[in-house]
1. For the chain, take the longest principal axis of its alpha carbons; what is the angle in degrees between that and the long axis of helix 35-79, to the nearest 10 within 0 to 90?
2. Quantify, in whole percent, the carbon and sulfur part of the accessible surface of the chain (1.4 Å probe; protein heavy atoms only).
3. Kindly express, to the nearest 10 degrees and within the range 0 to 90, the angle between helix 2-27's C-alpha long axis and the longest C-alpha principal axis of the chain.
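The values are calculated or read from the model by the stated rules, or taken from the named source; none is laboratory data. Every value quoted in this text rests on a predicted model; they were computed, and no experiment measured them. Heads up: the accessible areas ignore ligands, DNA and RNA and are worked out on the full protein's heavy atoms, side chains in. Shrake-Rupley method; radii C 1.70, N 1.55, O 1.52, S 1.80 Å.
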Amino acid sequence: MHDAQDKHTEAMIARAVDQGVTQALARLGLENGHAREDIRDLRAALDSLRLVRQAALQTVVRVITTGLVLALLAGIALKLKLFGGDG
C-alpha cells in the first residue's frame with residue numbers, strides 16, 4: 001500500500017514541479033519553447049560584455065602607463081638638457 005501511495009505522491013510532486021517551472025518561465029517571458037536558446041544568447045551577451053569591459057580596463061591601464069613613461073622620459077630629457085635649453 002505504501003509503495004502505491006509513494007508513487008502517487010511522487011507523481012503529484014513531479015506535476016507540481018513541472019507546473020512551477022512552467023509558471024516561472026512564463027513570468028520571465030521564456031515560455032515559448034525557446035528558453036534554452038534565449039538563455040544561451042543571454043550568456044553569450046554577458047560573456048561579450050565581460051570581454052569588452054576587460055579590454056577597456058586594459059586599454060585604460062596602457063594609456064596611463066604610456067603617459068607616465070612619456071612624462072618620465074620628458075623629465076629626463078629636460079634634466080639632461082637634450083632640447084638645447086638655457087644653460
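1. 10
2. Roughly 64 percent, rounded to a whole number.
3. 40
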